[in-house]
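Trainee: Below is a structure I'd like to ask you about.
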Amino acid sequence: MANLNPSPPILPSAITPEPVWRSRRQLLAAAGLAATGLGWSGASRAQSQPDKPALAGKRNAALSVSEDLTPERDITTYNNFYEFGLDKEDPFLFSGPMKTEPWTIEVEGEVARPKVFGLDELLKLAPMEERIYRLRCVEAWSMVIPWMGYSLSALLRKVEPTGNAKYVEFVTDMQPEAMPGLRSRILRWPYRESLRMDEAMHPLTMLVYGLYGKQLPNQNGAPVRLAVPWKYGFKSAKSIVRIRVVEHLPMSSWMEVAPHEYGFYANVNPDVPHPRWSQAMERRIGGSVFAPRVRTQLFNGYADQVASLYAGLDLRQNY
Ligand SMILES: Nc1nc2c(c(=O)[nH]1)N[C@H]1C(S)=C(S)[C@@H](COP(=O)(O)O)O[C@H]1N2
Ligand SMILES: [Mo]
């Protein structure tokens, strides 16, 4: 694997300590979001975002955790979406101009029936479900999120993967006019992630269209993103436009930029530290300034459902 970028990327968590961004955000809130000189290009691009239309679905209790939900406000203002900036509130402030309709996902590669799916078709492809998932970021914070969507397997079955189908790659959108982050060289764009075929077909692996009973806000990956709850958050690609079913392991954006820090599997594992920090604990984001620290669980607490996928695999080698 070519080392295209010898210096490790500096994550915003390393640049901006938690109390600092929290107070920035409180300032923003107090100012009615009239940001001045913050973020990539300052106040001119900042805008508060109108609510998205409702999206209904039945709760899937079997695939949900029963923990207190992270408040909607935190889920929609503390985001990683580097296309819009590196600070946690940048996606909220600057993703408004992203165009989310019309929208299509092209599914191609090792499939008998390649197809371009329009958003309307995608929304009706399988019954919408609400599922409460944990999300654990590699930066050691976490949330509990009520997503709306259905298993990715429903879509993959429609295109009939061939016998050569070993991996599924997700390619996300690039809108240079709306995404100032594309000018940054922190990653090579577009943002790409991938899963092994059996991971992609696992019922927990979810195509997500909504959050808290509404269609996804732009900053959370509108109009469609992935949620893979037993893996670090960076596997859950946002604003997906292409799904490629392939035979060979695709290069993902994070593996490309820092292969020692971001492995292909990225399974949440408290016993395998990131080279620059421990993964034993996480801060549960929500409400108070003093986000409680809780122990990180193997596979983010989903071991009963997914550990069998990795039987016999050395999780230290395969991080
Ligand atoms: N296209 C795209 N998808 C992305 C990212 C990104 O920068 N760009 N960040 C990832 C990371 S690091 C995390 S933790 C989750 C965050 O999802 P959330 O903001 O909805 O909580 O999105 C993931 N998907
Ligand atoms: Mo993340």
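Trainee: Can you tell me which residues in the stretch 145-173 are surrounded by 20 or more Cβ atoms within 10 Å (Cβ to Cβ) and either within 16 Å of ligand 2 (Cβ to nearest atom) or closer than 28 Å to ARG283 by Cα (or both)?
Mentor: Once the filter is applied, which keeps residues that are surrounded by 20 or more Cβ atoms within 10 Å (Cβ to Cβ) and either within 16 Å of ligand 2 (Cβ to nearest atom) or closer than 28 Å to ARG283 by Cα (or both), the stretch 145-173 yields ILE145, TRP147, MET148, GLY149, TYR150, SER151, PHE170, THR172.
Yes/no matrix, rows are residues, columns are (1) within 15 Å of ligand 1 (Cβ to nearest atom); (2) out of contact with any helix residue (DSSP H, G or I) (no Cβ under 9 Å at 6 or more places or on another chain); (3) at pLDDT 95 or above:
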site	(1), (2), (3)
MET1	no, no, no
PRO9	yes, no, no
SER23	no, yes, no
SER44	no, yes, no
SER48	no, no, no
LEU63	no, no, yes
THR70	yes, yes, yes
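Trainee: Here is a follow-up. Within the stretch 246-268, restricting attention to residues that are away from ligand 2 (no atom under 12 Å from the Cβ) and crowded, with 23+ Cβ neighbours inside 10 Å, which residue is nearest to VAL138 (Cα to Cα)?
Mentor: Here the answer is ASN267.
Trainee: Another one. Which of the numbered conditions does GLY233 fail, given that it passes all the others? Conditions: (1) within 15 Å of ligand 2 (Cβ to nearest atom); (2) in contact with a Ser or Thr (Cβ under 8 Å, 6 or more places away or on another chain).
Mentor: Only one criterion is unmet by GLY233, namely (2).
Trainee: Something else about it: So if I check each of ARG293, ARG276, which one is of a type in the set (Lys, Arg) and either away from ligand 2 (no atom under 15 Å from the Cβ) or surrounded by 20 or more Cβ atoms within 10 Å (Cβ to Cβ) (or both)?
Mentor: Details: ARG276 fails: either away from ligand 2 (no atom under 15 Å from the Cβ) or surrounded by 20 or more Cβ atoms within 10 Å (Cβ to Cβ) (or both).
Answer to the check: ARG293.
Trainee: Suppose we keep only residues that are part of a loop (DSSP other than H, G, I, E, B), closer than 26 Å to ARG73 by Cβ and open to solvent by less than 10 Å² (accessible area, probe 1.4 Å) within the stretch 205-229. Which one would you say is nearest to ligand 1 (Cβ to nearest atom)? Walk me through how you get there before you give the answer.
Mentor: Within the stretch 205-229, the first condition is being part of a loop (DSSP other than H, G, I, E, B), and the residues that meet it are 205, 212-213, 216-217, 221-224, 228-229.
Still in the running and closer than 26 Å to ARG73 by Cβ: 212-213, 216-217, 221-224, 228-229.
Filter once more, so that each one left must be open to solvent by less than 10 Å² (accessible area, probe 1.4 Å): 216, 221-222, 224, 228-229.
On the way: LEU216: 8, GLY221: 6, ALA222: 10, VAL224: 11, VAL228: 10, PRO229: 11 Å.
Here the answer is GLY221.
Trainee: Answer yes or no as to whether ASP87 is at pLDDT 95 or above, within 21 Å of MET206 (Cα to Cα), among the charged types (D, E, K, R) and open to solvent by 30 Å² or more (accessible area, probe 1.4 Å).
Mentor: no
Trainee: I've got another one for you. Regarding the stretch 209-216, can at least one residue be identified that is of a type in the set (Gly, Ala, Ser), modelled with pLDDT of 95 or more and either out of contact with any strand residue (DSSP E or B) (no Cβ under 7 Å at 6 or more places or on another chain) or under 18 Å from PHE299 (Cβ atoms) (or both)? Spell out how you get there, then give the answer.
Mentor: Restricting attention to the stretch 209-216, the residues satisfying the condition of being of a type in the set (Gly, Ala, Ser) are 210, 213.
When the remaining residues are screened for being modelled with pLDDT of 95 or more, the result is 210, 213.
Filter again for either out of contact with any strand residue (DSSP E or B) (no Cβ under 7 Å at 6 or more places or on another chain) or under 18 Å from PHE299 (Cβ atoms) (or both), leaving none.
No.
Trainee: Checking GLU199 against (1) buried (at least 22 other Cβ atoms within 10 Å of the Cβ); (2) within 11 Å of ligand 1 (Cβ to nearest atom): exactly one of these is not met. Which one?
Mentor: GLU199 satisfies all of (1) buried (at least 22 other Cβ atoms within 10 Å of the Cβ); (2) within 11 Å of ligand 1 (Cβ to nearest atom) except (2).
Trainee: I'd like the residue in the stretch 101-144 that is in a strand (DSSP E or B) and among the small types (Gly, Ala, Ser) and, out of all such residues, is surrounded by the most Cβ atoms within 10 Å (Cβ to Cβ). Spell out how you get there, then give the answer.
Mentor: Step one: of the stretch 101-144, the residues in a strand (DSSP E or B) are 104-109, 111, 115-118, 129-136, 141-144.
Next, only the ones that are among the small types (Gly, Ala, Ser) stay: 109, 118, 142.
On the way: GLY109: 21, GLY118: 12, SER142: 24.
The qualifying residue surrounded by the most Cβ atoms within 10 Å (Cβ to Cβ) is SER142.
Trainee: Of the residues that sit in the stretch 231-245 and are open to solvent by less than 10 Å² (accessible area, probe 1.4 Å) and more than 12 Å from the chain's Cα centre (by Cα), which one is nearest to ligand 1 (Cβ to nearest atom)?
Mentor: Restricting to residues being open to solvent by less than 10 Å² (accessible area, probe 1.4 Å) and more than 12 Å from the chain's Cα centre (by Cα), the top hit is ILE243.
The values are calculated or read from the model by the stated rules, or taken from the named source; none is laboratory data. The structure displayed is predicted, hence computed values, not measured ones. Backbone-built Cβ (ideal geometry, glycine too); neighbour counts: all protein chains shown. We work out accessible area using only protein heavy atoms, side chains counted, and drop any ligands, DNA or RNA first. Shrake-Rupley method; radii C 1.70, N 1.55, O 1.52, S 1.80 Å.
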